[in-house]
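Read through the structure below, which is laid out as structure tokens, and then see the notes.
The values are calculated or read from the model by the stated rules, or taken from the named source; none is laboratory data. Everything numeric here is computed off the predicted structure, so don't read it as measured data. Heads up, the Cβs are rebuilt from the backbone with ideal geometry, glycines too, and the neighbour counts pull from every protein chain shown. The protein model used for the area step is the full one, side chains on, heavy atoms only, and it has no ligands, DNA or RNA in it. Shrake-Rupley method; radii C 1.70, N 1.55, O 1.52, S 1.80 Å.
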Amino acid sequence: MVLGLLCAGQANAFNFFDVAKRAKTLSSEGFKPVNNNIPKELRDLKFAGYQQIQAKREGYHWNDAKLPFQIAFNHLGMSFDEPVKIHEIDAQGVREIKFDPALFDYGNVKLDPNVAKNLGGFAGFRILSALNDPAKRDDEVASFLGASYFRVLGKGQVYGQSARGLAIDTAMATGEEFPRFREFWIARPGNKEKHLVVYALLDSPRATGAFRFTFTPGDDTVVDVKSRIYLRDRVSKLGIAATASMFLFGSNQPSPTPNFRPELHDSDGLAIHAGNGEWIWRPLNNPRRLATSGFAIENPAGFGLLQRARDPSRYEDIEDRYELRPSLWIVPKGQWGKGRVELVEIPTGDETNDNIVTMWVPETQPKAGEALDLEYTMYWTRNEPKYHDSKVAWVQQTRRAPGEIRGADQIRRPDDSTAFYIDFVGPVFKDLPQDVVIGSNVSHNGNADILESTVRRNPVTGGWRLLIRLKVKDATKPAELRAQLRNGDNILSETWSYQLPVNENAQ
């Protein structure tokens, strides 16, 4: 066991810094891949077969203890083929929770019991609690499964985007490296504890790390993260507080083929609160070619992938319930310095692929042996306005369509342009006089001709709608657009920042 594991009576001495010491020691050693010896019958499982293997309810950790949390383990199999060790911290010390096939119901999967006993670990685990019903203790709050990925739920939410402990060289020509959590320590909660603490040790060929996650379930589940990263070798792109989501099509990029669902995505935009106070909204795309965008920022105040479209009619999907997918708002603690929030958009043809990645990329990387310490709080929410400045209007939706003009006969006719209809909402509009004049600041990267920019009151939302009609100059290059609403010199809204990808602009 790592660090010699503490003896009885010393459990209180185990903390984040014990894991950090192990991470530092690992960083000075050569990377050793995990011994992967799972049998072929597990490795060759398809998704439906893997789903047959379920943790038994009576096998949930702390099931008989009447604690506010339980732990359900994930079995190795399919692509989840690297065992992780899981430990419990309690008043008697620290002990490893050994894998036991008796904890699982194997359904129709045939597995030699003698083989199962030698698997050496779990694929991951799920945190359970009375999230939606005080009488039901087995609602999922979070899941750690695969590499350094984890997903979290608040009350009334369904799983959508994922968070990652660390991302390395995402969308680089040299290929991405996927660090993994190789070991966990879970602190046994008190009988009335409202939070659960999980420590994790991260490892990869070029990086190690220590993490402390503090989960507080609720309407918005809050996760406080403390991390320390060490590099074995320099990387091209280091991604902190990375997230992964899915965007197939939406109001700003309708489906190219008929679909009963008007929109299909786990997130519809990237929100950023820059260190200088500016709020930025970047609607997501499913591009034909990989696209990477960077927003240079010093000391970010917040960022994250949001699902602002909350009306079920935006999706019309009564099975997958995309309107219930959580947004993830990340608030850095302390001064993160210079860097960029990066958005990676990857082409995908179906909703099973997470094709959207965001991360904080620091301008300066730590040298080998030096620690990079960063802390942040994650809010998994469906109440996006709660985390937005009420004095700044936000984009409710972006709708894209072929541009048109109305003739003298009142008939609308296409004019070979592209039109964006951007609805801004927020309390900032409530106190404005009825005769107020709202204008806009619209700019671009030089690859567009703006044919029209008009602002009109939206009587349905109580906000204002900005119409931008444009023609792209060179369809082989992206067109970058920015827009804000203003009242004279007073900026009223966040910055709408949009990219028309290459070859996506011909309507």
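In the range 42-73, which residues are within 14 Å of residue 106 (Cα to Cα) and touching a Lys or Arg at 6+ places or on another chain (Cβ under 7 Å)?
Within the range 42-73, no residue meets the criteria.
Cβ-Cβ distance below 6 Å, separation of 6 or more or different chains: which pairs start in the range 20-34 with a residue that is touching a residue at least 24 places away in the same chain (Cβ under 8 Å) and end on one that is open to solvent by 80 Å² or more (accessible area, probe 1.4 Å) and among the aromatic types (Phe, Trp, Tyr)?
none
Each row is one residue, and each column tells you yes or no for (1) surrounded by fewer than 22 Cβ atoms within 10 Å (Cβ to Cβ); (2) in contact with a strand residue (DSSP E or B) (Cβ under 8 Å, 6 or more places away or on another chain); (3) closer than 14 Å to residue 180 by Cβ; (4) charged (D, E, K, R).
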| position | (1), (2), (3), (4) |
| --- | --- |
| 110 | yes, no, no, yes |
| 117 | yes, no, no, yes |
| 128 | no, yes, no, no |
| 133 | yes, yes, no, yes |
| 144 | no, yes, yes, no |
| 148 | no, yes, yes, no |
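One residue is enough: does the range 218-233 have a residue meeting the conditions β-branched (Val, Ile, Thr) and touching a Leu at 6+ places or on another chain (Cβ under 8 Å)? Even if it seems obvious, please write down each step before you answer.
Our first condition is that a residue be β-branched (Val, Ile, Thr); within the range 218-233, this holds for 221-223, 225, 229.
Add one more test, that the residue is touching a Leu at 6+ places or on another chain (Cβ under 8 Å), and what stays is 221, 229.
Among the residues of the range 218-233, at least one is β-branched (Val, Ile, Thr) and touching a Leu at 6+ places or on another chain (Cβ under 8 Å), which makes the answer yes.
Only one of (1) part of a loop (DSSP other than H, G, I, E, B); (2) among the hydrophobic types (A, V, I, L, M, F, W, C); (3) farther than 26 Å from residue 471 by Cα fails for residue 380. Which number is that?
(1)
Table: residues versus (1) touching a Ser or Thr at 6+ places or on another chain (Cβ under 8 Å); (2) assigned to a loop (DSSP other than H, G, I, E, B); (3) touching a residue at least 24 places away in the same chain (Cβ under 8 Å); (4) over 24 Å from residue 274 (Cβ atoms).
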{"position": "428", "(1), (2), (3), (4)": "yes, no, yes, no"}
{"position": "431", "(1), (2), (3), (4)": "no, yes, no, yes"}
{"position": "440", "(1), (2), (3), (4)": "yes, no, yes, no"}
{"position": "450", "(1), (2), (3), (4)": "no, no, no, yes"}
{"position": "470", "(1), (2), (3), (4)": "yes, no, yes, yes"}
{"position": "476", "(1), (2), (3), (4)": "no, yes, yes, yes"}
{"position": "486", "(1), (2), (3), (4)": "yes, no, yes, no"}
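Does the range 216-247 hold any residues that are surrounded by 22 or more Cβ atoms within 10 Å (Cβ to Cβ), within 20 Å of residue 161 (Cβ to Cβ) and over 16 Å from the mean Cα position of the chain (by Cα), and which are they?
Correct list: 217, 227.
Could you pull out every one of the strands (runs of 3 or more DSSP E) wholly within the range 161-217 that has 3 or more residues that are among the charged types (D, E, K, R)? Working first, answer last.
Values: elements: 162-164, 180-187, 196-204, 207-216.
By residue number, 180-187.
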